[in-house]
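Rule-based calculations on the coordinates, nothing more; no lab input. No experiment lies behind these values; they were computed from the predicted model shown. Cβ coordinates were reconstructed from backbone atoms using ideal geometry, including for glycine residues, and neighbour counts include every protein chain displayed.
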Amino acid sequence: MTNVCDPTLLAEVRKYGSFDVSGCFNCGSCTLGCVLSTDHASFPRRQTRQVLMGLKQMVLSSLEPWMCHDCGDCSTVCPRETKPRDGMATLRRYIASHYDWTGITAKINSSKIRYIGSLSFVAVLVLFLAVAYHVYMVKMPLSDFASTPMPLKHMFPMMTHFTLAVVLLPLFFLLSFAVRMYRFTMRGTEKMTMAPNLYFTEAKTFLYHLTTHKKMGECHEKSRWPKHLVLAWGVMIKLSLLVFALSWFQTDKLYQISHPQRWIGYLITAFIIYGAADILVSRLRKKKEVYKSSDMWDWTFPILLLAAAISGIVVHIVRYAGFELATHYAYAVHIMISVPLLVIEMPFGKWTHMIYRPMALYFQSIKEKALQKQWSVQGVPSHVAS
Ligand code: SF4
Ligand code: SF4
């Protein structure tokens, strides 16, 4: 890799949040205090130096910012209070913006106005589409909107297609960005004596971290991991239900409250509300280092999750109660919250870490295995052996 110094890198990174390096005297306490940092993947001090030195290619090819689990242990031990945890979060936004070939991530991650504007734009667009559907497809006069109750059923076929589109399209974009992450971070690895089958044999690492988030449990703040896991599982099951089992919510028989499948929905809603509310309360209380400094992106994601879950409950209650007009309006509010969450947050926002983080651990595992293999063939280099 050719490392060309880019003197604009620090200013560029700072567009994505705080990156305070002015007081850093390179002592390394942050790296020593980070239980996730290893000999092979050292952070956060190294990334701070790379940004300061303008080593853009090195920064963009690094997996370490994704291996950081945002616990704040490094900020606690930093004698200069430069908040390396915040720096790593900023770096993740900067790097994710380069994975995204559409340029949208860069725009919304570097401007709060554009970020809120994009969420608002999608919400208004959803409302417009809902009104247009009723006016042009259902042939409902605008004057009937405030007075004509209609069972929700007439929307079910359209709802199914719409839901699949707003879940699968963002997922497609996110996966295409993950392919670019591979290109950015694994370039040059093929020069190692690496068997391609490592990509298959190490796939278990990706699945393990995708489903357990186990690394978070290794940080000093232990209580965060089970709560994060509950939230992550709630969201993953919810997405799976939307894609594979939307009919459960649309069929009268399955909509009966006694049906066991309903209770899966209640359980995951409780998971999401508990996980999102816990994050918000912790950010308000600011007792733990991880929650002491929060930027807009940290707030918006749990707020949207909580609002989507609560508005879903309201739809559920008014539908059971038989208030058809209220159900329509409650549903309109629910999708005005849920769709921006799916369309903006999942492929471009904070939610991207659900894929990038396990991917980074997967790629890192491949690199380490490849290195061991290379050393077993060529011998351990003298500077490592000593
Ligand atoms: S602990 Fe603070 S001062 Fe020391 S290297 Fe890390 S960021 Fe710099
Ligand atoms: S926030 Fe936690 S995981 Fe991330 S670098 Fe600091 S100590 Fe390590």
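Of note:
- Net lengthening on full extension, L284/A326 (0.36 nm per residue, minus Cα-Cα): 11.8 nm
- Between S42 and A270, the simple spin-label model (points 7 angstrom out along Cα→Cβ) gives 4.8 nm.
- The modelled label-to-label distance between L142 and H220, using points 7 Å beyond Cα along the C-beta direction, is 6.0 nm.
- Signed unit charges on C-beta, dipole axis of the chain, positive-most listed residue A309, M53, T163: M53
- When I313, I273, I335 are arranged by Cβ crowding within 10 Å, least crowded first, meaning fewest neighbours, the order is I313, I273, I335.
- Kyte-Doolittle mean at least 1.0 and Cα axial length at least 18 Å: DSSP H helices in the chain: 112-132, 156-186, 224-244, 296-320
- The stretch 9-99: relative contact order as a whole-number percent, Cα under 8 Å and 6+ apart: 40
- Projecting the Cα positions of H213, G72, V35 onto the charge dipole of the chain (unit charges on Cβ atoms of Lys, Arg, Asp and Glu, taken about the Cα centre) puts V35 furthest along the positive direction.
- Taking the inverse of the mean reciprocal distance over all distinct Cα pairs, the Kirkwood hydrodynamic radius of the chain comes to 22.9 Å.
- Zone residues, the stretch 261-277, relative to I310, backbone N less than 13 Å from point 7 Å out along Cα-to-Cβ: 273-274, 276-277
- Where no second cysteine Cβ lies under 4.7 Å, the cysteines concerned in the chain: C5, C24, C27, C34, C68, C78
- Residues of type aspartates and glutamates that K153 reaches as a straight line, Cα spacing below 19 Å, ignoring anything fewer than 8 places off in the same chain: D144, D252, E324
- Filtered trypsin sites (Lys or Arg not before Pro), the stretch 134-181: DSSP coil and at most 12 other beta carbons within 10 Å: K139
- Looking at the stretch 218-327, the trypsin sites (Lys or Arg not before Pro) that sit in a DSSP loop and have at most 12 other Cβ atoms within 10 Å of their own Cβ are K222, K286, K287.
- Residue separation of L10 and H98 scaled by 0.36 nm, minus their Cα-Cα distance, works out to 30.2 nm of gained length.
- Cα-based equivalent ellipsoid, the stretch 9-99: semi-axes from gyration tensor eigenvalues, Å: 18, 14, 12
- Using only side-chain charges placed at the Cβ, +1 for Lys and Arg and -1 for Asp and Glu, the dipole size of the stretch 9-99 relative to its Cα centre rounds to 240 debye.
- In terms of distances greater than 29 angstrom between alpha carbons, the cross-link table entries K350/K373; K83/K214; K15/K222; K107/K292 yield K350/K373; K15/K222.
- Cβ charges +1 (Lys, Arg) and -1 (Asp, Glu), total dipole of the stretch 104-365, debye: 720
- Estimated from the Cβ-Cβ distance and a Förster radius of 30 angstrom, the FRET efficiency linking F128 and F172 is about 0.80.
- Approximate spin-label separation S18-Y182, in nm, with each point projected 7 Å along Cα-to-Cβ: 3.7
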